[in-house]
1. Quick one: in the range A:83-101, of everything that is of a type outside the set (D, E, K, R) and without any contact (Cβ under 8 Å) to a residue 60 or more places away in the chain, which residue is farthest from the other protein chains (Cβ to nearest Cβ)?
2. Which of (1) at pLDDT 95 or above; (2) in contact with a Phe, Trp or Tyr (Cβ under 7 Å, 6 or more places away or on another chain); (3) not acidic (D, E) does A:V64 not meet, given it meets every other one?
3. Take the residues of the range A:44-63 that are touching a His at 6+ places or on another chain (Cβ under 8 Å) and touching a residue at least 40 places away in the same chain (Cβ under 8 Å): which is nearest to the other protein chains (Cβ to nearest Cβ)?
4. Quick one: A:I74 ticks every box in (1) touching a helix residue (DSSP H, G or I) at 6+ places or on another chain (Cβ under 6 Å); (2) within 12 Å of chain B (Cβ to nearest Cβ); (3) of a type in the set (V, I, T) except a single one, so which number is it?
5. Among the residues of the range B:336-366, write down those that are at negative phi and within 14 Å of chain A (Cβ to nearest Cβ).
6. Taking the options B:I57, B:I18, name whichever one is modelled with pLDDT of 95 or more, under 16 Å from B:Y112 (Cα atoms) and more than 20 Å from the chain's Cα centre (by Cα).
7. Give B:Q215, B:Q293, B:Q304 a once-over and let me know the one that is under 20 Å from B:V49 (Cα atoms), polar (S, T, N, Q) and modelled with pLDDT of 95 or more.
Amino acid sequence: MANIPKELMYAQTHEWIKKDENGHYIIGVTDHAQALLGDIVFVDHKEVGEYVCAGDDVAIAESVKAVSEIFTPISGEVIAFNHRLEEEPELINTDAFGEGWLMIIRPSDESELQDLLDSEAYRDVIAEEEH
Amino acid sequence: MESKTALYEAHMAAGGKIVDFFGWQLPMHYGSQLAEHHAVRRAVGMFDVSHMTVVDIVGPDAQAWLEVVLANNIQKISEGQALYSLMLNHQAGILDDCIVYARADGRYRMVYNAATFEQVSSWLKQQAQSMSVRLTWRDDVSMLAVQGPEAMTVLASVLPQYADALVRLKPFNFIEDETHFIATTGYTGEQGVEIILSHANVLALWQALLAAQVQPCGLGARDTLRLEAGFNLSGQDMDASTNPWMANVGWTIAWQPKARQFIGKEALLSLNEKEQVPLVGLIMTEKGVLRSQMPVYLMQGGEQVGQGVITSGGFSPTLGYAIALARLPMVPNAGAEVRIRHRALPVTITQPAFVRRGRAVHQPTT
């Protein structure tokens, strides 16, 4: 049974998003995604300061198996990247919803969140995929 | 075809992520192929290699037959020893690689790949028709590899009846009795053994090794370990369309004794070794992973002066950067690069071996 925390929002493309105490949004990839990717060895990412649109690829995860693009669920400015991933990209595998977070975005349009999935809807997405 | 080894349930119980491997249901990993890789380099790991093909060879012409089908010379080994060899076709293309063991009373055992089972088995049967030799494929046995610096110690504790014999066993040798065939061979670049035993006995051995803290390792780690060691994968780094000089295995051809006629010899003699595009090693210290079939460009003064291709590529867990084997022409003073996501990334050409005894063979300058 996949781990899908109830308090987060999700994108179809297996990213999660949550608001932090400053009104910014933290994003990462889900536990389901990291299991599909396998051991991650490098993470390439957009620079802090760049503006991104919802659906843009903001990072690339190179795993032993493959290369995968990671997309931002919302538009805004990249204000931080999880620097621990430089030396420890495997944090995405071991703690996808916690220490494996990817970046923080200052949102330009919070209404975009309405297009995202709650944990139940994301659970359905995974169930669909497994057929 | 969907075959399961005798350890299938054990793999499931250990959390194995099962994939199809040439018709065999085998674990890719048991949670983390990186952790499994490190376990083999630092301690000890075990691999279910029961999908490999085992064929026993007996008969008055057994040795003579092997002198014909093997490009290496079976006369080099005596009883209790093993030989690594290629099997070539008449065009000197590589049908497969194998290890042949010289057993008592003029009998031999050959182990070759699962991937080539159909083609190579037909080939061997065909070649055996004209000689007095009998081939028996052993699908009644399982095979377990135990590899790593602590492998021999663990084995002595789990199989104490062989402890003395194991201590004396040199690399590429073997011992056998009615229940266990234990060879100091392997595909990881570490010390260790490959054990052939009945399906009935392999589960107990697996569980005893598990209890001794041996890490189960899947196909993912098997591949990263052999790549670090610079070992070819038949069907990927070499195949029927490549001769030994294109695959860094020219050293396995035995030209002595001159009178020995082996399959592929005439074709080899008609080729110029120096004109063959060699298999080299590549390392890349930029962030990224080198992958099979990626083109490699040779550049000089901003101009492309040659091109090659990666045959096997990946991330080296021991070294922390990408490594690859590539078929690449040698152009003096040219630099090499790959192109990943529209960026040209430099790669260093090295010998095709990256880790020996747990250490880097080549020290990168960046």
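The values are calculated or read from the model by the stated rules, or taken from the named source; none is laboratory data. For clarity, every value in this text was computed on a predicted model and none was experimentally measured. A quick note on method: Cβ atoms are made from the backbone with ideal geometry, for glycine too, and the neighbour counts reach across all protein chains shown.
1. Let us first name the residues in the range A:83-101 that are of a type outside the set (D, E, K, R), namely A:83, A:85, A:89, A:91-94, A:96-98, A:100-101.
In the following step, the residues that additionally are without any contact (Cβ under 8 Å) to a residue 60 or more places away in the chain were identified as A:83, A:85, A:89, A:91, A:93-94, A:98.
Values: A:H83: 14, A:L85: 11, A:P89: 10, A:L91: 13, A:N93: 7, A:T94: 9, A:G98: 18 Å.
Only one residue fits best here, namely A:G98.
2. Every listed condition holds for A:V64 apart from (1).
3. So in the range A:44-63, the residues touching a His at 6+ places or on another chain (Cβ under 8 Å) come out as A:58-60.
From what's left, touching a residue at least 40 places away in the same chain (Cβ under 8 Å): A:58-59.
Working: A:V58: 14, A:A59: 12 Å.
Here the answer is A:A59.
4. Only one criterion is unmet by A:I74, namely (2).
5. Quick first cut of the range B:336-366, residues at negative phi only: B:336-340, B:343-356, B:359-366.
If the condition is that a residue be at negative phi and within 14 Å of chain A (Cβ to nearest Cβ), then B:V338, B:R339, B:I340, B:R343, B:L345 are the ones that fit.
6. Numbers: B:I18 fails: under 16 Å from B:Y112 (Cα atoms).
Testing whether each residue is modelled with pLDDT of 95 or more, under 16 Å from B:Y112 (Cα atoms) and more than 20 Å from the chain's Cα centre (by Cα) leaves just B:I57.
7. Details: B:Q293 fails: under 20 Å from B:V49 (Cα atoms); B:Q304 fails: under 20 Å from B:V49 (Cα atoms).
Answer to the check: B:Q215.
This table checks each residue for (1) crowded, with 20+ Cβ neighbours inside 10 Å; (2) over 16 Å from the mean Cα position of the chain (by Cα); (3) part of a helix (DSSP H, G or I).
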| site | (1), (2), (3) |
| --- | --- |
| B:H90 | no, yes, no |
| B:L95 | yes, no, no |
| B:V100 | yes, no, no |
| B:V111 | yes, no, no |
| B:E118 | no, yes, yes |
| B:L144 | yes, no, no |
